[in-house]
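See below for the structure under consideration.
The values are calculated or read from the model by the stated rules, or taken from the named source; none is laboratory data. Treat the numbers as computed from the prediction; the structure is a model and nothing was measured. We place every Cβ from the backbone using ideal geometry, glycine too, and count neighbours over all the protein chains shown. Heavy atoms of the whole protein, side chains included, go into the accessibility calculation; ligands, DNA and RNA do not. Shrake-Rupley method; radii C 1.70, N 1.55, O 1.52, S 1.80 Å.
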Amino acid sequence: MSYSSFDLLDVSRPILVFGKDGQVGRALQSCLKSFKVPVVFLGRDECDLSDESALIVALNQYQPQIIINAAAYTAVDQAEGEPDLAFAINAKAPRLMAQYIAGVSRGVLVHYSTDYVFADTKKAPYLETDSVGPVDQLCVYGQSKLGGEQSIEEVFNLIRDSENLKDTNHLPKYFILRTSWVYGDGSNFIRTILKLASERDSLKVVADQVGVPSSATWLAEIGVQLAGGGVASGIFHTVPDGEVSWHGLAIFAIEAAASYGEGLELKPEDIQAIPAKDYPLSAARPYNSRMNNQKLKKVLSDMAFTGQYPHWREQVDCYVEKIVKESIKS
Ligand SMILES: NC(=O)c1ccc[n+]([C@@H]2O[C@H](COP(=O)([O-])OP(=O)(O)OC[C@H]3O[C@@H](n4cnc5c(N)ncnc54)[C@H](OP(=O)(O)O)[C@@H]3O)[C@@H](O)[C@H]2O)c1
């Protein structure tokens, strides 16, 4: 991926990354390693995002020009019992980040969000322009992430016509990257399946929920690319091409692992397809997690992005190869 557009940006203040120890956060650490501009990475220990005053202190201390927020309360089932904490981290903290960036000339906020803001109102992939919710049909995690999106948009709508920001070249911007089924350096579905496949000779996996697996490495690269390019603010459905069910993804992952020489107990035919209703969880998951990525493709091509847009299969294949090499049993 090329960062040429980013190099042109006058970054006089640091990039501040929240969520440095998460899957996307770790990928951002690798992605931004060779950057000429200063980058500060914060984890929960350095700045607890449920503590408003800690966040304000960090913003005042580092005075970033660009914020990349990869932190989130992501324990989807646990969130049902901790709505206040989920909202504090996923909705209130992004509002404060937006309020800060809204006052910075050429400031940029990149924020990651989720398909959980949609409540199965559509059979086809969702567009950025589709209605979210209805809120009362979203799980607490989905509601809190939607709260984050809406907070950011409210703040930027307010400043859009502000008197002292008439010079549009200096207008601060936001990018909300909605993604799904993330995997990277951390716990995720693919790692869990490969671990189980090394221990068991049968498994039941949900087959009636469909989405798009998204690589944390790629999500980090897209976030950085948008932060540096001349793209207008907005929401972007940030998923690779293709779609698959959890059952299909489990089969793909173990076939890929076998192709890289991993001896597994579980064979693809030993994975039984079950409906989601037979695997009840505290928080309901969407049946349709598919999001249309045409808007993102268009801006990447307008930015003269030369890389080929990925399909989830190639990315998952590379990921499985990597973790087989690292030993899936460790
Ligand atoms: N994972 C998915 O399948 C998925 C799907 C769709 C969208 N997303 C979105 O993509 C983004 C990145 O997800 P991810 O998979 O990288 O998540 P992740 O691996 O769970 O990482 C989230 C990070 O947020 C940090 N965090 C949680 N509470 C915090 C707090 N109070 N203060 C400061 N930091 C806190 C966590 O810190 P600790 O390391 O200390 O726990 C963790 O490092 C999130 O916005 C998420 O909502 C994820």
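Listed values, structure above:
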| read-out | value |
| --- | --- |
| Selection status of Lys92, surrounded by 16 or more Cβ atoms within 10 Å (Cβ to Cβ) and closer than 15 Å to Arg178 by Cα | no |
| Residue within the stretch 161-172 that is within 18 Å of the chain's Cα centre (by Cα) and under 22 Å from Gly223 (Cβ atoms) present | no |
| Of all residues in the stretch 78-88 being of a type outside the set (Phe, Trp, Tyr) and open to solvent by 20 Å² or more (accessible area, probe 1.4 Å), the one that is nearest to the ligand (Cβ to nearest atom) | Leu85 |
| Which numbered condition Ile190 fails, given (1) in contact with a helix residue (DSSP H, G or I) (Cβ under 7 Å, 6 or more places away or on another chain); (2) open to solvent by 10 Å² or more (accessible area, probe 1.4 Å); (3) among the β-branched types (Val, Ile, Thr) | (2) |
| Residue list for the stretch 140-150, filter: out of contact with any strand residue (DSSP E or B) (no Cβ under 9 Å at 6 or more places or on another chain) and surrounded by fewer than 22 Cβ atoms within 10 Å (Cβ to Cβ) | Gly147, Gln150 |
| Verdict on Leu138 being of a type in the set (A, V, I, L, M) and farther than 30 Å from Asn60 by Cβ | yes |
| Residues of the stretch 87-117 satisfying the condition of being over 17 Å from the mean Cα position of the chain (by Cα), of a type in the set (S, T, N, Q) and under 18 Å from Ser50 (Cβ atoms) | Gln99 |
| When residues of the stretch 25-46 are limited to those that are farther than 28 Å from His170 by Cα and near the ligand (Cβ under 6 Å from one of its atoms), the one least open to solvent (accessible area, probe 1.4 Å) | Gly43 |
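Quick grid of which residues meet (1) surrounded by fewer than 16 Cβ atoms within 10 Å (Cβ to Cβ); (2) of a type in the set (Phe, Trp, Tyr); (3) within 10 Å of the ligand (Cβ to nearest atom):
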site: Leu49; (1), (2), (3): no, no, yes
site: Ile68; (1), (2), (3): no, no, no
site: Tyr73; (1), (2), (3): no, yes, yes
site: Val76; (1), (2), (3): no, no, yes
site: Ala102; (1), (2), (3): no, no, no
site: Ser105; (1), (2), (3): yes, no, no
site: Phe118; (1), (2), (3): no, yes, no
site: Leu127; (1), (2), (3): yes, no, no
